[in-house]
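Below is one structure, written out as structure tokens; comments come after it.
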Amino acid sequence: MELSINGQIRQLPDEAVDPAMPLLWALRDVLNLTGTKFGCGVAACGACTVMVDGHAVRSCVMPVGAVRGHAVRTIESLGRPEQPHALQRAWLAHQVPQCGYCQSGMLMAAAALLAKNAEPNDADIDAAITNICRCGTYPRIREAIKTAARELQPLAARRKATGAKA
């Protein structure tokens, strides 16, 4: 099975992947992309959130066969250690991570939100970020998203003016 993962075409061996296998397990166990976490297995917590064609999806319940022909992005594509994404910088500045387990899914959900809404308010954030943070850092998450949005706004305006995609 061929998939587009983080901007690259990746081949998954047919003997290793059943199309009904959750995307989460294909990412973690077959492709060794372990940044996406298992939390609940029923799409409730959001630790497994990735983006498919720019939309936040819970990979624990998304069959890998359903993402053929679609662009999948995981936390591994969000930034690099030497050049973190604006959300990752804001996460650190606002001291969002506590235990850290939900962070990859939370960041991917936030990235999907900012790709669609360059200036989210609290209601927009609350509606889009349905991930569970057991440490309860929701106020910090909201502020970090707003900080990243302000940093990304000039980039979003340039993309809009030129018609470029995020």
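Over the chain, dividing the summed -39,500 (n - 2.57) contributions of all DSSP H runs of at least 4 residues by the number of residues returns a 222 nm mean residue ellipticity of -10500 deg cm²/dmol. For a modelled paramagnetic label at R68, 7 Å from Cα along Cα-to-Cβ, the residues of segment 15-33 in reach, with backbone nitrogen under 16 Å, are 15-23, 26. All other residues with a Cβ under 13 Å from the Cβ of C40 taken together, and with Lys, Arg as +1 and Asp, Glu as -1, what is their net charge? Result for the local shell: +3. Fewest neighbouring Cβ atoms within 10 Å first, the residues V42, V57, V72 line up as V42, V57, V72.
Residue separation of Y138 and D18 scaled by 0.36 nm, minus their Cα-Cα distance, works out to 39.5 nm of gained length. What does the charge add up to near V52, with Lys and Arg as +1, Asp and Glu as -1, over the other residues with Cβ less than 12 Å from its Cβ? Net charge in that neighbourhood comes out at +2. Comparing mean-square fluctuations of Q88, Q153, Q103 from a GNM of the chain with C-alpha springs under 10 Å, the top value falls on Q153. Model label sites at N117 and Q83, defined 7 Å from Cα along the beta-carbon direction, differ in position by 2.9 nm.
Largest GNM mean-square fluctuation across N131, N117, N32, computed for the chain with C-alpha springs under 10 Å, falls on N32.
Among R142, R68, R58, the largest mean-square fluctuation in a Gaussian network model of the chain, built with springs joining Cα atoms closer than 10 Å, belongs to R68. Charge tally for P13 (other residues, Cβ to Cβ under 14 Å; Lys, Arg +1; Asp, Glu -1): -4.
Both radii are taken from the alpha-carbon atoms of the chain; with Rh as the Kirkwood radius, Rg/Rh is 0.97.
Rule-based calculations on the coordinates, nothing more; no lab input. Predicted model, so just to flag it, every value in this text is computed and none were measured. Using ideal geometry, Cβ is built from the backbone for each residue, glycine included, and neighbour counts are taken over all protein chains shown.
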